[in-house]
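The values are calculated or read from the model by the stated rules, or taken from the named source; none is laboratory data. These numbers were taken from a predicted model, which means no experiment stands behind them. FYI the Cβ positions are ideal-geometry reconstructions off the backbone, even for glycines, and counts take in every protein chain you see. Accessible surface is based on the protein model in full, side chains and every heavy atom, while ligands, DNA and RNA are left aside. Shrake-Rupley method; radii C 1.70, N 1.55, O 1.52, S 1.80 Å.
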Amino acid sequence: MIIGIDVGGTHTDAVLIDSTGIVKKNKTLTRKHDLSDTISLSLAELTEGIDLSSIKKINLSTTITTNAIIENTVEKTATVIIPGPGANPNNHLIDEYFFILKGSIDHRGEITEQLSNEELEKVKRNISESGIKTMAVVSKFSTRNSLLEDETAEQCSSLCDFITPGHITSGSLNFPRRINTAYYNSAVWRAFNSFSDSVISNTEKLGIKCEINILKADGGTIPLRYSRTRPVESVLSGPSASIMGIMALHSTLKTSVLLDIGGTTTDISLFVEGIPLIEKDGAKINGKLTSVRSLLSRSIGIGGDSFVRIENGTIKIGPERKGAPLCLGGPSPTVIDAFVFLGIAELGDKRKSAEAIIKMAAELGDTPEVTAARIAEGACEKISREITSLIDETNSRPLYTVHEVIENYTISADTVFIIGAPAGFFGEILKKNYEVIIPEHHEVANAVGAALCKTTIQCSLFADTTSGYMSIPELNIEKEINSEYSMGDAETDILQHLKEHLKTENIRINYDDLEITERTSFKMIKGYYSSGYDLRLKCQIKPGLSRTLEKRGAE
Amino acid sequence: MKTKKKLGLIFFPAYDWAISPTHPEREERLLYTHDQLMEEGIFDLDCMTELRPLVASNEDIMKCHFCFPDVESVTTESHLVSAGGAIRAAKAVLEGEVDRSFALVRPPGHHAMKTVHGNRGFCNINNEAVMVEYIRSNYGIKKIAIVDTDCHHGDGTQDIFWNDPDVLFISLHQDGRTLYPGSGHIDETGGPGAPGKTVNIPLPPNTSDEGFLYAMEHVVMPILDDFKPEIIINSAGQDNHYSDPITNMNFSAMGYAKLNDMLKPHIAVLEGGYSIQGALPYVNLGIILAMAGLDYSHVKEPGFTESKYRQSGEVTEYISGLCDIIVADYFSAKKNAGPRKDSVHMASRNIYYDTDGIQETRKEEIYTCSKCSGLYVIESSSNRNSLSAGIELPYDACERCLQLADTLAEKFTNEKKFHRVQLIDRKRRNFKYIK
């Protein structure tokens, strides 16, 4: 049996799944300041009367790192950057303890300026005096050559408990994103590890002995043990849990939209030919761009509990939530109250909703029916607009080959999947413009998604046969190669090194799932003669599900 | 403090297109530029908007070029995307999406002339010229200046706007006596209908930042101030760089950034530049930062020191004298240009297409007119195409020129000697092959 737990802002959802489908599900309130306790309670309730030895794994989607970053309770962390020439390095300032070092690597990974020992000593003194114990070090083009990062980290290792070198966070080129990612990784390291310790000990106390995995923003999991040095990867796992959940509940997604409608916000994601779209370069966390691989998701401030009022003679909806709907004893009118008035929702004390709608109608000089319909439609309109804008944005992504531009590949979507508590109410309105599908078990789709996600990992290889070296930055591998090194050698290398890494880290996956997703080869010319090849590969286990649940739904 | 500008970037490296496998105009030309821009996080900046290129239509091309035997025969899809990238750049600025834009597209275009039989100087279609006609026909803009900072003389662009009084063309380049295509001397100052509207600044080999910026300050800027264009376009070739393999100049990335900071073009379009590792990543970064009004003072090629590439005193002195003559010529041409008279000017020339080995013979008749910008008629043949003709009418064509064009069109259509006849009628928006 597998357990999936999604710790959300308000609720924590959990499901227990066996080969036949969902055995048990539960919803508990999230205790924001004690997430590991929340998880224990949820687990205890879920596993009551269950043979604990039959539990094979627990997959956990948690807000621990996201909250620490958003609420700015992260640990003081030193950021050391080695920018070399280019844009103004002060643009990358992320926190108070920010140091810029001399030293430079070019786009081919050649060191064009060495570190200055004098400067490095100064930084070390500074870190030591300020009592900082975590650090990030990032050099420009460290994905091509990590030497300057490694040297700096080595020099500072005795001062710090944990150092994140930029190159392990991503194999993609984007210095500012690597800085932010490495910084956050170090800044949440201690909190995440103490959370992990307590999750492990609480689980053991409950008598559960099984592997524990953490859900990532890309819709895959990694072992909790492995995530201890990569805690930043656990951010924004909520939307990815929902996306993977809907894939588990419905296998024929085609090109469609997913709406996860909550009390305060709606998360919007896209599927193209059944595959969820990813953020091109990585997730945005608390307004900062990072290289954390993430499924595409946009959040807007419209939900069932969005605050409704009249401003300057027109209806305003959201983005704030003042509390529960009036019908459920809340303080002010909400979108749900409009649904209740219209008879779309059967919820709580109808009279309280009606009272508010009638009052607003009088102020607007409309009938209460028209007013309630305007509120419901206005909320759905905002969601529709965001869907359109997300599709437009996807369609205007840049293309880099003649072939793609001439093909002018664009997507459009008519089908909308809705999950979340008020899914049915919004669906009633949205079905006028879209084909709306609300799958069974949609209220725990996120936990189902977490439960059924597969382990994912990715790495990239860059080889330059003219200079005679190859690197796989995420795995910390650099080696010399000869001029005969070919695409075939590169493919063998990336697969072999990744397998070795997985073995060392004791991560069990089906090796057949490893695939090479990008393969580019540029012939380098010096003068008018070929001098070698520039090879670039990416290898990954694509996010996916260990299986789907749809069969059972059809029975 | 500089003012930040919203900059539109049309980055189109055409990773699947090359002239030939070892030709400098090949797939990875913009690869390291791409790497540098990605690593700098340029596309993530709030002030940057990355835009997809459009695909130029045959009509877009035919508003500008006479293509023989037809557009399809002299272009590939890549040329249409590259020209479409320039069009997208113009559209973004003129429709207010962005303040400025930079089309980093390939293949380049500034050696493509009025008549096109194939590829010369790596160019088939003149991206800037196609863009200029797109701007004039869609946005009611009249006066446009093109400043060409490629190391090679922009002979194609010069040829296209030679007789156009509303387009000022200024080219800074390595002296034609020492580099392809050999033209661009100071006495090439515009056709009979547009005297002084072509300005050539042929700089001596080994000119460095100092010389380029001197010419900018003492020639380009005062002439622009006088001409008062509504739109300024930079043909942003990058082969003046000290590391370029096929030229002999000593311009730096910082110099290019300063030049753009001074010029403040609305639109820049990439042209040549084949030092794909040592120059392009840094030069493009410098231009982008300067155009966006961002700090470019940290842009520097590895190992570059100003003293290493400083021009000699002799060069400095030569440039100073040269600039004085060019500015004086421009203002005297303006002073001496009386009202346009009705007359016909005939010329003929041979044009060699180095890339494709084509030899074209072109005869032209320029009608200057007292009422409009005048009619332009060409007869052209090459070792690829038998004799063809082209008739072009300006936006402000007068009734008499319209009638003359109609008479000629009918005559050419009936004459057996013409294989193809193309019409560019900007006044009545009629762009087609009439034979």
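Some points to look at:
- Cα lying deepest toward the dipole's positive end in segment A:253-443, options A:L295, A:A376, A:S306, charges on Cβ: A:S306
- Taking a straight line from the alpha carbon of A:K216, these aspartates and glutamates sit under 16 Å away, with near neighbours fewer than eight places off in the same chain left out: A:D6, A:E233, A:E279, A:D281.
- Taken as Cα centroids, segment A:308-345 and segment B:363-396 sit 70 Å apart, rounded to the nearest whole angstrom.
- Check: the protein assembly as shown dipole with +1 on Lys, Arg Cβ and -1 on Asp, Glu Cβ, in debye: 1420
- Residue-span extension gain [A:K479 to A:E377] - 0.36 nm each, minus C-alpha spacing: 30.7 nm
- Among the residues of segment B:45-86, those with an accessible-area drop of 20 Å² or more from chain alone to full protein complex, heavy atoms and 1.4 Å probe, are B:E50, B:R52, B:P53, B:V55, B:E77, B:V81.
- Counting all C-alpha pairs of segment B:146-198, share separated by more than 15 Å (%): 37
- Accessible area per residue in Å² at 1.4 Å probe, computed on segment A:1-120: 42
- Couplings 3J(HN,Hα) of segment A:437-450, computed from phi: 10, 10, x, 4, 6, 4, 5, 10, 3, 4, 5, 4, x, 4 Hz, in residue order, whole Hz [Karplus 6.51 cos²θ - 1.76 cosθ + 1.60, θ = phi - 60°; x for Gly and Pro].
- Farthest toward the positive end of the dipole of the protein assembly as shown, out of A:L173, B:A56, B:L393, is the Cα of B:L393, where the dipole comes from beta carbon charges about the Cα centre.
- Heavy-atom accessible surface of chain A: percent carbon and sulfur, 1.4 Å: 48
- Averaged over its residues, chain B has an accessible area of 34 Å² per residue, based on protein heavy atoms and a 1.4 Å probe.
- Acute angle (nearest 10 degrees) that the helix A:487-504 long axis makes with the longest principal axis of chain A, alpha-carbon atoms: 70
- Centroid-to-centroid separation of segment A:189-265 and segment A:1-63 [C-alpha atoms, Å]: 12
- By the combined test of axial Cα extent (at least 18 Å) and Kyte-Doolittle hydropathy (mean at least 0.0), the qualifying DSSP H helices of chain B come to B:77-94, B:313-336.
- A:K209 versus A:K284: modelled label distance in nm, points set 7 Å from Cα along the beta carbon direction: 4.7
- Placing R0 at 30 angstrom, the Cβ-Cβ distance between B:E314 and B:K335 gives a FRET efficiency of 0.40 after rounding to 0.05.
- Accessible-area composition of chain B, carbon plus sulfur, in percent [1.4 Å probe]: 51
- Amide proton proximity set for B:I424, modelled H, under 5 Å, gap of 5+: B:I391, B:E392, B:L393
- The GluC sites (Glu not before Pro) of segment B:339-435 that DSSP puts in a loop, and whose beta carbon has at most 13 other beta carbons within 10 Å, are B:E415.
- Per residue, segment A:458-541 exposes an accessible area of 51 Å² to a 1.4 Å probe, with every protein chain left in place.
- Candidates B:G41, B:G84, B:G390, ranked by Gaussian network fluctuation over chain B, Cα under 10 Å, top entry: B:G41
- For peptide A:81-89, the mean count of partner chain Cβ atoms within 10 Å of a residue's Cβ comes to 6.
- Computed from Cα atoms, the angle from the helix A:117-130 axis to the main principal axis of chain A rounds to 40 degrees.
- Of the trypsin sites (Lys or Arg not before Pro) found in segment A:1-94, those that fall in a DSSP loop while having at most 12 other beta-carbon atoms within 10 Å are A:K56.
- Against chain A, whose longest principal axis is taken from its Cα atoms, helix A:237-249 shows a tilt of about 70°.
- Greater than 29 Å apart at Cα, pairs in A:K284/A:K431; B:K228/B:K341; A:K25/A:K284; A:K140/B:K308; A:K24/A:K350: A:K284/A:K431; A:K25/A:K284; A:K24/A:K350
- Interface A:B - total buried accessible surface [probe 1.4 Å, Å², rounded to 100]: 3700
- With each label modelled as a point 7 angstrom along the Cα→C-beta vector, the A:E491-A:A362 pair spans 7.6 nm.
- Taking θ as phi - 60° and the Karplus parameters 6.51, -1.76 and 1.60, the scalar couplings of segment B:225-236 work out to 4, 6, 6, 6, x, 7, 9, 10, 10, 10, 7, 8 Hz in sequence order, x denoting glycine and proline.
- Partnerless Cys - chain B, beta-carbon criterion under 4.7 Å: B:C47, B:C64, B:C67, B:C123, B:C151, B:C323, B:C369, B:C401
- Rounded FRET efficiency, nearest 0.05, which uses the C-beta distance separating A:R385 from A:E443 and R0 of 35 Å: 0.85
- Computed over segment B:7-334, the Cα gyration tensor eigenvalues convert (square root of 5λ each) into semi-axes of 26, 24, 19 Å, ordered from largest to smallest.
- Estimated distance in nm for a label pair at B:D225 and A:V23, the labels positioned 7 Å out from Cα along Cα-to-Cβ: 8.4
- DSSP-defined antiparallel bridges as percent of all bridges, segment B:7-334, nearest 5: 5
- Legend: calculated FRET efficiency, A:K76 to A:K102, from the Cβ-Cβ distance at R0 = 25 Å, rounded to 0.05, equals 0.55.
- The calculated 222 nm mean residue ellipticity attributable to helices in chain A amounts to -10500 deg cm²/dmol, summing -39500 (n - 2.57) over DSSP H runs of n ≥ 4 and dividing by all residues.
- Principal semi-axes in Å for chain A [√(5λ), Cα gyration tensor, largest first]: 44, 27, 25
- Once the Cα-Cα distance is subtracted from the 0.36 nm per residue extended length, the A:Y511 to A:K322 segment shows a gain of 63.1 nm.
- For the set A:K280/A:K542; B:K5/B:K335; A:K499/A:K542; B:K142/B:K427; B:K363/B:K417; A:K57/A:K280, the pairs lying more than 25 angstrom apart at their alpha carbons are B:K5/B:K335; A:K57/A:K280.
- 1.4 Å probe, heavy atoms, protein only - residues of segment B:1-21 losing at least 40 Å² accessible area vs chain alone: B:F12, B:Y15, B:D16
- Cubic angstrom per residue, convex hull over Cα atoms of the protein assembly as shown: 202
- Inter-part distance where segment A:418-466 and segment B:227-260 are each reduced to a Cα centre, Å: 49
- Karplus (6.51, -1.76, 1.60) ³J(HN,Hα), θ = phi - 60°, over segment A:541-546, in Hz, Gly and Pro reported as x: 9, 5, x, x, 10, 5
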